[in-house]
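The values are calculated or read from the model by the stated rules, or taken from the named source; none is laboratory data. Keep in mind the model is a prediction, meaning the values are calculated, not measured. Here the Cβ is made from the backbone with ideal geometry for all residues, glycine too, and neighbour counts use every protein chain on show. Surface accessibility is based on the protein's heavy atoms, side chains included, excluding ligands, DNA and RNA. Shrake-Rupley method; radii C 1.70, N 1.55, O 1.52, S 1.80 Å.
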Amino acid sequence: MAETDTPRIVVGVPKEERAGETRVALSPTALPQLTKAGFDIVIESGAGDAAGYPDSTFTDRGARIGSRDDVFAADIVVQVNVMGADAASADLARLREGLIVVGAVAPFARPELVKAVAGTGAVLYALEMVPRTTRAQSMDILSSQAAVAGYKAVLLAANELPKMFPLLTTAAGTIAPAKVFIVGAGVAGLGAIATARRLGALVEAYDVRPAAREEVQSLGARFVELPLETDQEEGSGGYATQLSDEAIKKQQELMAKTVAASDVIITTAQVQGTTAPQIITTEMIKGMGAGSVIIDLAAEQGGNCEPTVAGETVDIDGVKVIGVVNLPGEIPVHASQLFGKNVANFLCLMVVDGAVDLDVDDDVIQQSVVARGGDVVNNRVREALGLVPLPEPEPPAPAPEPDAESESPEEAAK
Ligand code: NAD
């Protein structure tokens, strides 16, 4: 979009408040795109320090540095964790009617946070609600951060495993490659497969979606076939649908042998908006060799393994079950760069003729809004809060049938 004479839209980037968060919502690489689109950027002093981006890296690209109050005085505030993921955040007092807040909200896990922001009159966009469509991929924070997490999960496992990953033939004998099993071949799972393969491991993977088989195989891993008869198709927004308890039980029985033979397991199975399916039982883990490692990426959603505790390592007969949280925060330079690009692409969609248009006719923007006009406007979040659902918006009027006698666009253009 060309620069215009209309007043520029100010975007504020506060320092993250959530404990252990190192990322920042915009990295300097995202700034030129935003400046060109009509935004001015104000960064809270030190907001990028933990991510490896000192203030000067932002001012070099045209941003100004300010206090926390300056940042919240902007037209739009962007955050990795909106309100520090805390429904009682002191920043709620800094919000005001009409202020736009954009970031990760976890709206189904934290409906109270959505309600608290709604109560201030601010407009809240939860970037997790961006649909998983080809067009929206460049704004999908779950995908960009999961790809980083899948990579880091393998490095963590390799570090913990008392064995090497690659096949090694030496004068002192041959070392067999490590066996790595990836459960759930979505974004994080595919990232983990690619990284484990690069390190030379023998990789197997499983997913309930039959469409995942080809992707797994294209990365050089073996797809584990479990004859489950689940009729699993992709659900809405590009996500899988939930398995029944019975199907999960059958899955566990069929998977036990692969689990027992693995040195490393990385679990990433999830169905968006639900607690993680519990796929690997303590009994199954007891069948693994001592020294084996499980990295449970779904720990924060309840975990894919029975003994998982988020943020902790549990020892089951010498097998480490590591419930990781915020792995992207351990690679903050690139995680912030990707997150920031997602945010910048999202913000650019909201600008029409140099001004923010909340009613812009765009499904990515419209599906992401969770609070507006003092109310919670997403019905699934309302349900979680025990609020009555709002009427669903009218479907758009069908386009008029082409009139056989009317001129074609080509003719009209003549
Ligand atoms: P995704 O939706 O792309 O992938 C999840 C996959 O799990 C899908 O392919 C789905 O078909 C599969 N699945 C669902 N139920 C299954 C079952 N019963 N058995 C086997 N597979 C099943 O999700 P993603 O973006 O790759 O994220 C995966 C998980 O990693 C999520 O729980 C996410 O929150 C988590 N994550 C954690 C971190 C971290 O730092 N801990 C960071 C990013 C993502």
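Given Cβ point charges of +1 (Lys, Arg) and -1 (Asp, Glu) and nothing else, what value in debye, to the nearest 20, does the dipole of the range 250-353 about its Cα centre take? Present the calculation step by step, with values, prior to reporting the outcome.
Values: 5 positive and 11 negative charges, 46 e Å.
Dipole size: approximately 220 debye.
Applying 1/(1 + (r/R0)^6) with r as the Cβ-Cβ distance of Ser56 and Leu167 and R0 = 51 angstrom yields a FRET efficiency of 0.65.
Residues in the range 257-267 carry Karplus couplings, in order, of 5, 5, 4, 4, 8, 8, 7, 9, 10, 10, 9 Hz; the curve used is 6.51 cos²θ - 1.76 cosθ + 1.60 with θ = phi - 60°, and Gly or Pro positions show x. The length gained on full extension between Ala355 and Glu330, counted as 0.36 nm times the residue separation minus their Cα-Cα distance, comes to 5.4 nm.
For a Förster distance of 45 Å, can you work out the FRET efficiency between the beta-carbons of Lys257 and Ala73, rounded to the nearest 0.05?
Numbers: r = 60 Å, r/R0 = 1.33.
Once rounded, the FRET efficiency stands at 0.15.
The gain in end-to-end length when the Arg8 to Asp315 segment is fully stretched comes to 105.0 nm, 0.36 nm per residue minus the alpha carbon separation. Sequence-ordered 3J(HN,Hα) estimates for the range 367-384 from the Karplus curve with 6.51, -1.76 and 1.60 and θ = phi - 60° stand at 7, 8, 6, 10, 9, 6, x, x, 10, 7, 10, 9, 5, 5, 6, 4, 4, 4 Hz, glycine and proline given as x.
Among the listed pairs Lys15/Lys152; Lys257/Lys320; Lys115/Lys341; Lys152/Lys257; Lys152/Lys320, give every one whose C-alpha distance is greater than 20 Å.
Pairs exceeding the cut-off: Lys15/Lys152; Lys115/Lys341; Lys152/Lys257.
Here Asp70 sits with roughly 70 square angstrom of accessible surface, probe radius 1.4 Å. Modelled spin labels at Ala211 and Ala176, positioned 7 Å past Cα toward Cβ, are 3.7 nm from each other.
For the range 52-58, backbone phi angles converted through the Karplus equation (6.51, -1.76, 1.60; θ = phi - 60°) give residue-by-residue couplings of x, 10, x, 3, 4, 5, 7 Hz, Gly and Pro being listed as x.
Calculated accessible area for the range 84-165 comes out at 38 Å² per residue, all protein chains present (probe 1.4 Å; ligands, DNA, RNA ignored). Close amide H pairs (under 5 Å, H built 1.01 Å from N) link Gly291 with Val319, Lys320, residues at least 5 positions away or on another chain. Remark on Thr281: its backbone amide H falls under 5 Å from those of Glu306, a criterion applied only to residues 5 or more positions apart or on other chains, H modelled at 1.01 Å from N.
When you work out D = kT/(6 pi eta Rh) for the range 79-204 at 37 °C and 0.692 mPa s, using the Kirkwood radius from C-alpha pairs as Rh and the Stokes-Einstein form, the result is 188 µm²/s. The simple spin-label model puts a point 7 Å past each Cα toward its Cβ; for Glu392 and Lys286 those points are separated by 4.8 nm.
Other residues with beta-carbon under 12 Å from the beta-carbon of Val82 carry, at +1 per Lys or Arg and -1 per Asp or Glu, a net charge of -4.
Each peptide among 99-107, 308-316 gets the average number of other Cβ atoms lying within 10 Å of its residues, and from highest to lowest they stand as 99-107, 308-316.
Determine, for each peptide in 270-278, 334-342, 164-172, the mean count of other beta carbons within 10 angstrom over its residues, then list the peptides with the highest first. Please list the in-between numbers first.
Numbers: 270-278: 18.8, 334-342: 24.1, 164-172: 11.7.
Per-residue mean Cβ counts within 10 Å order the peptides as 334-342, 270-278, 164-172.
Annotation: average projected area of the range 310-397 is 10.5 square nanometres, based on the convex hull of Cα atoms across all directions. Charged side chains reduced to their Cβ positions (Lys and Arg at +1, Asp and Glu at -1) give the chain a dipole of some 1740 debye around its Cα centre. Volume of the convex hull of the chain (Cα atoms only), normalised per residue: 199 Å³.
For the range 33-142, trypsin sites (Lys or Arg not before Pro) are listed when DSSP marks them as loop and at most 11 other Cβ atoms sit within 10 Å of their Cβ; the list is Arg96, Arg135.
The packing ranking of peptides 191-200, 286-295, 377-386, highest mean first, is 191-200, 286-295, 377-386, where packing means the average number of other beta carbon atoms within 10 angstrom of each residue. Residues whose amide H comes within less than 5 Å of that of Ile266, counting only those at least five positions distant or on another chain, are Phe181, Ile182, Val183, Ile295 (H built at 1.01 Å from N in the peptide plane).
Please say if the range 1-151 is rounded, prolate or oblate, where rounded means a/c under 1.5 for a ≥ b ≥ c the square roots of the C-alpha gyration tensor eigenvalues, and otherwise the choice is prolate for a/b larger than b/c and oblate otherwise? Let's see the in-between values first.
On the way: a/c = 1.28, a/b = 1.14, b/c = 1.13.
Since a/c stays below 1.5, the shape of the range 1-151 is classed as rounded.
On the protein heavy atoms, probe 1.4 angstrom, tell me the percent of accessible surface of the chain carried by carbon and sulfur. In the chain, the share of accessible area belonging to carbon and sulfur is 52 percent. Approximating the spin labels as points 7 Å out from Cα along Cα→Cβ, the Thr274-to-Leu92 distance works out to 3.1 nm.
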